[in-house]
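The values are calculated or read from the model by the stated rules, or taken from the named source; none is laboratory data. Everything numeric here is computed off the predicted structure, so don't read it as measured data. Cβ placement follows ideal geometry from the backbone for every residue including glycine, while neighbour counts extend to all protein chains displayed. Note: accessible area is taken over every heavy atom of the protein model, side chains too, but ligands, DNA and RNA are not part of it. Shrake-Rupley method; radii C 1.70, N 1.55, O 1.52, S 1.80 Å.
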Amino acid sequence: DYEVKGKSGLERREAEERLANFVYGGRYDNGPNEGYKYRGRGYNQITFKSAYREMSSVAGVDLVSDPDKLNDPEVCALVTVKFIIDRVEKTYGSTNPTFTSYDEGIKAAAEANCKSPSSRKDCSRAISHAKARLSHFKYR
């Protein structure tokens, strides 16, 4: 029973912790009771201890010992940019690949955020959302 509706304060927090530990505990290097500790944070919702460790390495910020650092807007922005750069480099072999169109660049950035290079995940929703949100930018 993970109902949190109608609860407040400590009861709500405890219910949220139980749910996160149930869903995320014991996965991707999380201990059984670390699901809440390494829950989704940041602009691109970094989740799981293994991802916090990877982003710590990429961004040069210790997020494993203090996951709440991802709530700091400056750290969050740094991690998000480093995450995208790292993914683009792994996917395209460069941090500044050449794209022939605006749509191609948006697709590459959206896919870099959506999935790892070896994943077959469908990112069409992420791509369409990125295009809609970034329509004011012009490709040169």
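Remarks
- Probe 1.4 Å - accessible area at residue 98, Å² to nearest ten: 120 Å²
- Values of log10 I(q)/I(0), in the order q = 0.16, 0.19 Å⁻¹, for segment 1-80 under a Debye, Cα-only, solvent-free model: -0.60, -0.79
- If R0 is 30 Å, the Cβ-Cβ spacing of residue 22 and residue 101 corresponds to a FRET efficiency of close to 0.10.
- Couplings 3J(HN,Hα) for segment 93-102, derived from phi with the Karplus relation 6.51 cos²θ - 1.76 cosθ + 1.60 (θ = phi - 60°), are x, 7, 7, 9, x, 8, 10, 8, 8, 4 Hz, where x marks Gly and Pro.
- Once the chain from residue 92 to residue 72 is taken as fully extended at 0.36 nm per residue, the excess over their C-alpha distance is 4.2 nm.
- Pairs beyond 26 Å (Cα-Cα), from 49/82; 69/131; 37/82; 49/131; 49/90; 82/107: 69/131; 49/131
- Sites residue 121 and residue 33, calculated FRET efficiency, Cβ-Cβ separation with R0 30 Å, nearest 0.05: 0.60
- Residues with amide H under 5 Å from that of residue 46, placed H, sequence gap 5 or more: 41
- For residue 63, the residues 5 or more places off, or on other chains, whose built amide H falls under 5 Å of its own are 56.
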